[in-house]
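The values are calculated or read from the model by the stated rules, or taken from the named source; none is laboratory data. These numbers come from a predicted model, not from an experiment. Neighbour counts run over all protein chains shown; Cβ positions are idealised from the backbone, glycine included.
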Amino acid sequence: MNPEHSGLDISLSRFDRIYHPGESVSGVLSITAKDGWSHTGVKITVIGTVTLKMPNGNQEVKPRRLLEEEFMLVESGKMDMGTTKVPFSFVVKGLNKKALLETYHGAYISVNYFITAKVERGVMKRGLEKGLEFIVEVPIRRESLATPVEKEFEITEKTLDNVRSSKVGKIPEFTIKGKLHRTNCLINMPLTGEVTIVKSANKISSIDVQLVRIESISSALSSSGDLSKGDMVKEATEIEKLQIAVGDVVRNMVIPIYMVLPRVYTCPTLSTATFAVGFEVNLQVVFEDGYMVSETFQVGLHRVQ
């Protein structure tokens, strides 16, 4: 049967497309040929890159290659009419034996791994190309992460930062207690904790938990566009926000925190000489009059074997 269009399609053996360094990625390239055609070869390219974008938006940084592999899947010849399925495989390994970083889609820092299939069909027909992203996760062995590091907190009108002492007496009284069950978070587990409004002179409108990423990039750029050591430019952006209570909550009632960490939009806490990715959790309590109390907690994200 002659198909309506020519095209390429990539499918991998794993539905979630998640792989670890050293593992083999196997899949199938489906080549659909309308009327059949000649070609100069079917090529597979696998590339992993770190892409950095300066927060001010005025400087472009040359992407850093983490993984690079290219091979001819089908030698030049003629593709028969219909669909031809060709298996392929490759090993996930760093370029020049360097360590791989985990897939991450940030606002200013991104780590991506792509498989691209390409076939050139001569002068009279346009080439065909298909890309597919696969996800790399990099677990580590660290015994210290087996023990949760809990963080208890108590917030009152007297513990607020950036409030002049002369103004403290004008802030309505409140006491908010709670805990994060662990600040050394496992990335494949939800972030959990609890909040209790012990007392509040003003009515409460809502309570939110906000997950924020802190991306840092070296401010120094060489003439070639590569990063060199320099001061870090930091930018904080929201990943997700979870409303855990609405309205004037009952006093002394324990309100649970349960936040699932989104895949690829978070990654294990990362720090290199030229860029870094960190994370914070903000607890935000909004009062009925619009006044908001916010407390920030530093958290480390980790992926263990």
Based on this model, can you work out whether residue 120 counts as charged (D, E, K, R), closer than 30 Å to residue 8 by Cα and buried (at least 16 other Cβ atoms within 10 Å of the Cβ)? yes
_residue 254 - would you say it is under 17 Å from the mean Cα position of the chain (by Cα) and in contact (Cβ under 8 Å) with a residue 60 or more places away in the chain?_
no
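So that you can scan it fast, the table gives a plain yes or no per residue for (1) of a type in the set (S, T, N, Q); (2) buried (at least 16 other Cβ atoms within 10 Å of the Cβ); (3) more than 30 Å from residue 202 (Cα to Cα):
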position: 233; (1), (2), (3): no, yes, yes
position: 248; (1), (2), (3): no, no, no
position: 251; (1), (2), (3): no, no, no
position: 259; (1), (2), (3): no, yes, no
position: 271; (1), (2), (3): yes, no, yes
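Residue-wise test of (1) surrounded by fewer than 16 Cβ atoms within 10 Å (Cβ to Cβ); (2) among the polar types (S, T, N, Q); (3) within 20 Å of the chain's Cα centre (by Cα); (4) at pLDDT below 95.
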position	(1), (2), (3), (4)
4	yes, no, no, yes
15	yes, no, yes, no
28	yes, no, no, no
53	no, no, yes, yes
60	yes, no, no, yes
68	yes, no, no, no
83	yes, yes, no, yes
101	no, no, yes, no
108	no, no, yes, yes
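Conditions (1) out of contact with any Gly (no Cβ under 8 Å at 6 or more places or on another chain); (2) within 24 Å of residue 124 (Cβ to Cβ); (3) small (Gly, Ala, Ser), marked per residue:
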position: 35; (1), (2), (3): yes, yes, no
position: 41; (1), (2), (3): yes, yes, yes
position: 46; (1), (2), (3): yes, no, no
position: 62; (1), (2), (3): no, no, no
position: 72; (1), (2), (3): no, yes, no
*If you check residue 32 against the conditions, is it touching a Lys or Arg at 6+ places or on another chain (Cβ under 8 Å), in contact (Cβ under 8 Å) with a residue 40 or more places away in the chain, among the polar types (S, T, N, Q) and not assigned by TED's automatic domain parsing to the domain that holds residue 213?*
no
